[in-house]
Structures are given as C-alpha cells and as structure tokens.
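Taking it in order: structure first as structure tokens, then the write-up.
The values are calculated or read from the model by the stated rules, or taken from the named source; none is laboratory data. Nothing here was measured: the structure is a model prediction, and the numbers come from that model. Here the Cβ is made from the backbone with ideal geometry for all residues, glycine too, and neighbour counts use every protein chain on show. Surface accessibility is based on the protein's heavy atoms, side chains included, excluding ligands, DNA and RNA. Shrake-Rupley method; radii C 1.70, N 1.55, O 1.52, S 1.80 Å.
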Amino acid sequence: MERRDFIRKLGTGIAGSYIAGGAVAAAMSGGAGSPAASAAEFPALPYAYNALEPHIDAMTMEIHYDRHHRGYFNNYLKAVSGTDLEKMTLENLFAEVSKHGDAVRNNAGGFYNHSLFWNNMSPQAGKPSDELMAAIKRDIGSMEDLKSALTNAGATRFGSGWAWLVADKSGKLTVGSTPNQDNPLMDLSPLKGTPLLALDVWEHAYYLKYQNKRGDYLNAFWNVINWTEVSKRYAKIK
Ligand code: MN3
C-alpha cells in the first residue's frame, strides 16, 4: 500500500481492519530489510475491545489502542518519513536508537511495544510450552516466582514504563522494566534481550478502572496472558 493511501485510510479508523505485519512482524521474527511501504501498517487488535473484561475494560482498550497506540504509530511515521530510517526494520532501528532523536526513540518504541502487548494478551490464557516452563523453573524458580517478579518490576517502575520477561540469545530468562517507551531491544536500555512478555504500566493502561491501584491491575493482567504467544516467541529464539 502506498504510504499516502495508508495515511488517508487511517482516518477511517476501524479497529481490526489492518493486517499485522511490516516492521513489527519483521522485527519480531528477526527479519531484515523490510521495505518502507510494508513497515507503515498499523496492526489489527487481535480481539474485541471488551474481550479482556473484567480484567481490562473495553473503554480502556479502545482509548489505549485507537488513540494512544495509533498516536505513536502516526508520530513514528512522521519521525522517519523521508529519512533512511523508514527503510529500516524496527529491530535494526532499536539497535542504534541512541544515534537518533527522542521522537524516533519514543514513537518507534510506543508503536512496537503496544503491538507486542496486544498480542501477548488473550481471553484464552493457555499455558506455557514445556520448553518455556522448563526455562521458567531453571531461571526464575516457578510460575508464582515469575508472577512476583513481574508484578514487582511493574510496581517499582517509577512513573511511566513497561515491565518485561526477556530472553537472551541462549534462552536464559530475565524479568525487568524500562522507562517511558524504551524496550529491551534498544541499545541504550540497561535491560537487554528479546521481549517475550510486555506489560504496559503507564497510567493510561489502567487508570479508568483501577485509578491509583496499579497493583490491582498487575494482578488482573496475570489472568489474560497469552501463554501460547509467549511460548511461540520463546521458541523462535533458538
Ligand atoms: Mn500504553
């Protein structure tokens, strides 16, 4: 799709009308050389706004996806338009993001992080693969320990940011957090690795339903983790 056509179509704004792909899919699969035209696709929400009720409410989902995420996407396009960066996969961009400005860092991050986040939630939680479960036991301890670590990472991230389960190239798991729209693929991030599970702890992710009770939101998130997707991401590392 031509960029011009795509941007015009953004105005129609029907959730689910765009196919996930381009830079995000390429970055998630480790692909390289994705052309700019296919990078410029806003990914579909993989379920209805109310699908994660009562844990995450429909109004929050709609505003979060259709305004916040779309805003990052539009501003990412603006930030890279007409530059060498528009031909670059997000994965390659993040690997050198410290060389570029805050508009690129924040908006490419916001675009990518939310795409991961929607896809690692589901009304059908599923369960971790045997391979992932073995790694959780080896590196974290147990599922309860993982829940504690992720909840703690989200609760102790001051201000806005993300909590993560990441894996290094050998498959070793780590839990941590990043500020703002940074992520563990960014060269400037102290937390490094391939994201397996993304957890948005910005107030816009929970404030309508949970107000100041971030801890209640973190507990609720545990009920909607798409373990099938998290396991797939883990399987791709090896
Ligand atoms: Mn958000």
Under 22 Å from residue 209, Cα to Cα: lysines that are on another chain or at least 8 residues apart
147
Given H placed on each backbone N at 1.01 Å, which residues far from residue 197 in sequence or on other chains put an amide H within less than 5 Å of it?
165
Using a 1.4 angstrom probe, figure out how much accessible area segment 106-231 has per residue, in square angstrom, rounded to the nearest whole.
39 Å²
Restricting to Cα pairs under 8 Å and 6 or more apart, the percent relative contact order of segment 130-237 works out to 26 percent
With θ set to phi - 60°, apply the Karplus curve 6.51 cos²θ - 1.76 cosθ + 1.60 along segment 206-219 and write out the HN-Hα couplings as whole Hz, x wherever there is a Gly or Pro.
8, 5, 4, 9, 10, 6, 7, 8, 4, x, 5, 5, 4, 5
In order through segment 223-234: 3J(HN,Hα) via Karplus (6.51 cos²θ - 1.76 cosθ + 1.60), integer Hz, x for Gly, Pro:
7, 10, 6, 8, 5, 4, 5, 4, 5, 4, 4, 5
Tell me which residues come under 5 Å, amide H to amide H, from residue 161 once H is placed; ignore anything under 5 positions away on its chain.
180, 201, 202
In whole Å, what is the distance between the alpha-carbon centres of segment 138-153 and segment 64-107?
31 Å
FRET efficiency, 1/(1 + (r/R0)^6) with R0 22 Å, evaluated for residue 148 and residue 172 via beta carbons
0.75
Quick query: amide H of residue 51 versus all other amide H atoms, modeled in the peptide plane; which residues come in under 5 Å with a sequence gap of 5 or more or a different chain?
none
Compactness of segment 130-237 - radius of gyration and Dmax, Cα, Å:
13.4, 40
